[in-house]
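Peer 1: Structure incoming, see below.
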Amino acid sequence: MSETLIVSIYVFVLATFVGVEVISKVPPLLHTPLMSGSNAISGITLVGSLIAAGEGHGGLSVFLGMFAVIMAAINVVGGFLVTDRMLKMFKKDQPKRAD
Amino acid sequence: MNVIVKLSYLVASVLFILGLKLLSSPKTARRGNLYGALGMLIAIVVTLTDQKIIDFTYILAGLLIGAAIGLWLALRVQMTAMPQMVGVLNGFGGGASTLVAYAEYLRMGEAVGAASYDVLVTTVLGLLIGAVTFVGSMVAAAKLQGLMRSAPILYPMQKQINAAMLLAVVVLGALFVQDPSRNYTLIAIIAISVVLGVTSVIPIGGADMPVVISLMNSYSGLAGAMTGFILSNDVLIISGTLVGTSGIILTDIMCKAMNRSLGNVLFAGVGADYQATATQTEKRTVVRYTAEDAAMIFDSAQSVIIVPGYGLAVAQAQHVLHEMAKILMERGVTVRYAIHPVAGRMPGHMNVLLAEANVPYDLLLEMEQINDDFQNTDVALVIGANDVINPAARTKKDSPLYGMPILNVDQARTVMIVKRSLGSGFAGEDNELFYDQKTMMLFGDAKQMVTELLRVLKV
C-alpha cells in the first residue's frame, strides 16, 4: 500500500467518526434540510470535475469533464439554495400565545 | 503554492463540518448552510488556481449552465416535491463522480500502466457507485413524481440477476486492475452499473422511498469519497464521507421507524401484494360524523394533538389546518403536532411541509417526545395518516405492521380521523381504531374537511 493511500484511509476513517458525531446530533425536525444540505456538499466532486474540464487539448476527457462540471454545479447550486429556502421557513412560535 | 491549496481545502473541510454541526438547531441551521456554501466556494476558487488547469472555456461554460439549472430548480420546486428534488440532485452528484472517474482514466492515457492498484480499484468503485447513484436516484425521483409506477416492479430471479450483475462488475474490475489498458472493461462496468441502478430501485415501493432517498444520498457521498481516493484529494474524501455517514444514519432511522431491516426494504418488495388484501374490510359499520359534531367536541377540549400524514400534504391542507389550529389556540386550547419519523416521503419531510404553512417548529414534536402525552389529551386529530396510528402494530403478530413504533393516538379521550374512505393504508392492514367507540370518522378530502372544520369553528 502506498503512503498516500494510507493517509487517505486515515482521513476516511476519521471523517466517518466526525460525521457520526456531528450528524447524530441533528434533530429529526431538520432531517430534510440535512439531506439536501449534505447532498450539496457531495457536489464537491465539482473540484475533480474542474480539473478534468480545464485540462485543455479538447478531447473526450475534457468534454466529459465539462458534463461533470454541469452536473456537479446543478447539485451544488440547487442543493445549497433549496436548503436555504427550506430553513428560512422554520420559525419559532410567535410571541403572542397563551401557554 | 501547493501548501496554500492544501490549507484552503482544510479550511473548506472545517467549514463543512461546522456547517453540519450548526444544523443541530433550527436557530443556527441557516448559518450552517451558509458555512457549507462558503466552504464550497473556497474549494472551487482554490481549485481554479491548480496548474493542471490550462483552459477555462469548458469550465466557465459548465459552471454557467449548471448554476443556471440549479438556480431554476431550487426556486421553482414545491415543498411537496422536495424528495424528487433531492433525488435528482443526488443523481447529478453521482453522475458527476462517474464522469470524473472516467475522465481521469482517459487523462492518464498511457501512464495508466504505472498507476497504483488503489487508484485503479477506486476508479472501478467510483464508476460503479456513481452510475448506480445517478440512475437509481433518477428512477426513485420518477417514481415519486408519478412518471413511473410507484408500486414495486417484480420479476422472477430478480435478486439473483442483480447479484450476477454485481459479480460481473467485480470480475470486470479485476480484469481492469490486471491490465488497465483494457478500456472496454470500464465501458462495460459503466453499462452494467447503469442497468443495476434501474433494477435495484424498481422493486422498491413508493412508501419505502424515504429509505431509498437516504440510501442514495449515502451512495452519492461515497462516490465523491471514491473520486477523492483517485485524485488523493482530502477535501473530497472528507466531504464525501460526511455525506455518506449522514445518509447511512438517516437510512437506519427510517428502517427503525418502520421496524424493517435494510435488506427487507431493498429486496423484499413489500407492498406488491397489498392491493389484494386491502379489499377485505368494509364489513363492520363505523359512525360517520360531520364537521359540526367535531366542532362540539373541540368546544370542550383543553388539549389537542394533531397527527399529520402525507394525505394532508397531497391535499395541500397544511395551510388551512394551521388556520384552524390558530383559532383553537386563541381559545386557550393547547395544540401540538405529533410527527412520526416516516410521515412524508423523506426523513423530516412533514416538518418542512408544516414549516411552509408557518407552523412554529416548537409545536412540532417527535414521536418519543409526545407519545406519553396522548393519554392526557382530549382530542387526537388524525389527518391523512394511516399505518403510523394502527394499534395492530402492537398486538397483531401476523400483521406486516407488527413491531412498528406507532403514535399512541388510541389513548386520547377522543380520536378524530379525517380520511377519504375506509380503505386501509399502505400495509393493507385494517385499522381497529376506526371502529372504536371513541373514534369519530370524518370522511372527506383532507383539505375540504379541514376547511369545513375551520368554517364551523369560526362561527
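Peer 1: Could you list, in sequence order, all residues of the range B:1-10 that are touching a residue at least 24 places away in the same chain (Cβ under 8 Å) and open to solvent by 70 Å² or more (accessible area, probe 1.4 Å)?
Peer 2: B:Met1, B:Ile4, B:Lys6, B:Leu10, listed by residue number.
Peer 1: How many of the residues making up the range B:356-413 are out of contact with any Lys or Arg (no Cβ under 7 Å at 6 or more places or on another chain), of a type in the set (Asp, Glu) and within 14 Å of chain A (Cβ to nearest Cβ)?
Peer 2: Here the count works out to 3.
Peer 1: Test B:Val382 against the criterion of being open to solvent by 10 Å² or more (accessible area, probe 1.4 Å), in contact with a Gly (Cβ under 9 Å, 6 or more places away or on another chain) and closer than 18 Å to B:Tyr337 by Cβ, and give yes or no.
Peer 2: No: the conditions fail for B:Val382.
Peer 1: Considering each of B:Val77, B:Val112, B:Val100, B:Val88 in turn, give the residue that is closer than 28 Å to B:Leu167 by Cα and open to solvent by 10 Å² or more (accessible area, probe 1.4 Å).
Peer 2: Exactly one of B:Val77, B:Val112, B:Val100, B:Val88 is closer than 28 Å to B:Leu167 by Cα and open to solvent by 10 Å² or more (accessible area, probe 1.4 Å), namely B:Val88.
Peer 1: What number goes with the only condition from (1) in contact with a Lys or Arg (Cβ under 8 Å, 6 or more places away or on another chain); (2) in a helix (DSSP H, G or I) that B:Arg149 does not pass?
Peer 2: (2)
Peer 1: So, in the range B:296-317, of the ones that are open to solvent by 10 Å² or more (accessible area, probe 1.4 Å) and part of a helix (DSSP H, G or I), which residue ends up farthest from B:Leu381 (Cα to Cα)?
Peer 2: Going through the qualifying residues, I end up with B:Val314.
Peer 1: Just to be sure I understand the filter: pairs with C-beta atoms under 6 Å, separated by 6 or more residues or on different chains, first member in the range A:25-54 and in contact (Cβ under 8 Å) with a residue 60 or more places away in the chain, second member crowded, with 24+ Cβ neighbours inside 10 Å. Which pairs pass?
Peer 2: Note: pairs meeting the criteria are A:Leu29/B:Asn351; A:Leu30/B:Leu23; A:Leu30/B:Ala29.
Peer 1: Let me ask another. Which condition breaks for B:Ser24 when tested against (1) open to solvent by 40 Å² or more (accessible area, probe 1.4 Å); (2) within 7 Å of chain A (Cβ to nearest Cβ); (3) more than 20 Å from the chain's Cα centre (by Cα)?
Peer 2: Single failed check for B:Ser24: (3).
Peer 1: Can you give me the number of residues within the range B:347-359 that are open to solvent by less than 30 Å² (accessible area, probe 1.4 Å), closer than 27 Å to B:Gly444 by Cβ and not in a helix (DSSP H, G or I)?
Peer 2: Residues that pass the stated criteria total 2.
Peer 1: Kindly list, by first and then second residue, each pair from a residue in the range B:108-120 that is within 21 Å of A:Ala53 (Cβ to Cβ) to a residue that is open to solvent by 50 Å² or more (accessible area, probe 1.4 Å) and not in a helix (DSSP H, G or I), limited to pairs with Cβ atoms under 8 Å and residues at least 6 apart or on different chains.
Peer 2: B:Val112/B:Ser181
Peer 1: Between a residue in the range B:76-97 that is at the interface with chain A (Cβ under 8 Å from one of its Cβ atoms) and within 27 Å of A:Gly48 (Cβ to Cβ) and any residue that is open to solvent by 10 Å² or more (accessible area, probe 1.4 Å) and not in a helix (DSSP H, G or I), which pairs come within a Cβ distance under 6 Å, given they are 6 or more apart or on different chains?
Peer 2: If the second residue must be open to solvent by 10 Å² or more (accessible area, probe 1.4 Å) and not in a helix (DSSP H, G or I), the pairs left are B:Met85/B:Val77.
Peer 1: Here's a follow-up. Enumerate the helices (runs of 4 or more DSSP H) found wholly within the range B:176-270, keeping only those where 3 or more residues are facing chain A (nearest Cβ under 10 Å) and open to solvent by 20 Å² or more (accessible area, probe 1.4 Å).
Peer 2: So the answer is B:209-230, B:234-257.
Peer 1: Consider the range A:23-67. How many of its residues are farther than 15 Å from B:Leu236 by Cα and in a helix (DSSP H, G or I)?
Peer 2: 21
Peer 1: OK, next. Just checking, which of B:Ala74, B:Ala131 is hydrophobic (A, V, I, L, M, F, W, C), assigned to a helix (DSSP H, G or I) and out of contact with any Ser or Thr (no Cβ under 8 Å at 6 or more places or on another chain)?
Peer 2: Residue meeting the stated conditions: B:Ala74.
Condition check ((1) open to solvent by less than 10 Å² (accessible area, probe 1.4 Å); (2) more than 7 Å from chain B (Cβ to nearest Cβ)) across all residues:
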residue: A:Gly43; (1), (2): yes, no
residue: A:Val47; (1), (2): yes, no
residue: A:Ile51; (1), (2): no, no
residue: A:Glu55; (1), (2): no, no
residue: A:Gly59; (1), (2): no, yes
residue: A:Phe67; (1), (2): no, no
residue: A:Val77; (1), (2): no, no
residue: A:Val82; (1), (2): yes, no
residue: A:Met86; (1), (2): yes, no
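The values are calculated or read from the model by the stated rules, or taken from the named source; none is laboratory data. Not measured: the values here are computed from a predicted model. Note: ideal-geometry Cβ built from the backbone for every residue, glycine included; neighbour counts use all protein chains shown. For the accessible areas, the whole protein counts, side chains as well, though only heavy atoms, and no ligand, DNA or RNA atoms are used. Shrake-Rupley method; radii C 1.70, N 1.55, O 1.52, S 1.80 Å.
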